[in-house]
1. Please go through the stretch 27-69 and pick out each residue that is without any contact (Cβ under 8 Å) to a residue 40 or more places away in the chain and of a type in the set (S, T, N, Q).
2. Scan the stretch 35-44 and tell me whether some residue there is open to solvent by less than 90 Å² (accessible area, probe 1.4 Å), hydroxyl-bearing (Ser, Thr, Tyr) and within 15 Å of residue 123 (Cβ to Cβ).
3. How many residues, within the stretch 110-145, are open to solvent by less than 70 Å² (accessible area, probe 1.4 Å), over 16 Å from residue 92 (Cβ atoms) and in a loop (DSSP other than H, G, I, E, B)?
4. List the residue pairs whose Cβ atoms are under 8 Å apart, where the first residue sits in the stretch 130-141 and is farther than 14 Å from residue 2 by Cα, the second is in a loop (DSSP other than H, G, I, E, B), and the two are 6 or more positions apart or on different chains.
5. Among 31, 85, 75, 36, which is among the aromatic types (Phe, Trp, Tyr), modelled with pLDDT of 95 or more and more than 14 Å from the chain's Cα centre (by Cα)?
Amino acid sequence: MWNEIKSEKDLKSFMDTVCGFHDSCIKEIKYISGAYVDETLSMLPINTQRTLSMIIQRQFENPSVVEMQFVGLKYLRLFPIGEDYTCEILDTTMILKKDCIYWCDCGGLSATDIENYTGTTICASKVRWRAADEYIGSDEIYAAI
C-alpha cells in the first residue's frame, strides 16, 4: 500500500517511521520519463511521466526497506560516493513546499541549503512511499526483464 506525503504531518510521521533514514543506503534508482520511440521509429518526445523510484534499505526493522516514488520529477542530482568511502546515510532532510517536495542525503538542511547542497538531492511534485521488506538483500529489484 502506498502512502502519500501531502502535509507536514504526513512528512513528520514518515520521517519518524524511518528514523530520518539513519543507517540506511540507497540500493537502487529507476527513472521513467514517459518518452519513447515505437516500432515504426516514431517518437513521443514528451516526458509524460517523470517518475523516479528509489529503494532504500535500512539496518532497522519495521520497515527494513522503503520504496519511494517521486512523481513529477523536477530534478535529480546524484552524487554517489566513491568506492574508497562508505555510502551509508546517517540522516536526511525532507522539505515540503507548496509546489514541490525535496529529499537529500544530509540531515539538518534548510530550504535554502537544500537547493545548493552538493550531495544527492531529489525534487519532485509529489512523493509516495511504502514498506517493501521483501526487497531486502542484494538481488536487483528494478532489473530489466
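The values are calculated or read from the model by the stated rules, or taken from the named source; none is laboratory data. Please read all numbers here as calculations on a predicted model, not as lab measurements. All Cβ positions, glycine included, derive from the backbone under ideal geometry; neighbour counts span all protein chains shown. Side chains included, ligands, DNA and RNA excluded: accessible areas come from the protein's heavy atoms. Shrake-Rupley method; radii C 1.70, N 1.55, O 1.52, S 1.80 Å.
1. Those that are without any contact (Cβ under 8 Å) to a residue 40 or more places away in the chain and of a type in the set (S, T, N, Q): 33, 40, 42, 47, 48, 49, 51, 59.
2. No, the stretch 35-44 contains no residue that is open to solvent by less than 90 Å² (accessible area, probe 1.4 Å), hydroxyl-bearing (Ser, Thr, Tyr) and within 15 Å of residue 123 (Cβ to Cβ).
3. Summing the residues that are open to solvent by less than 70 Å² (accessible area, probe 1.4 Å), over 16 Å from residue 92 (Cβ atoms) and in a loop (DSSP other than H, G, I, E, B) in the stretch 110-145 gives 5.
4. 135/141; 136/64
5. Numbers: 31 fails: more than 14 Å from the chain's Cα centre (by Cα); 85 fails: modelled with pLDDT of 95 or more; 75 fails: more than 14 Å from the chain's Cα centre (by Cα).
36 is the lone residue from the list that is among the aromatic types (Phe, Trp, Tyr), modelled with pLDDT of 95 or more and more than 14 Å from the chain's Cα centre (by Cα).
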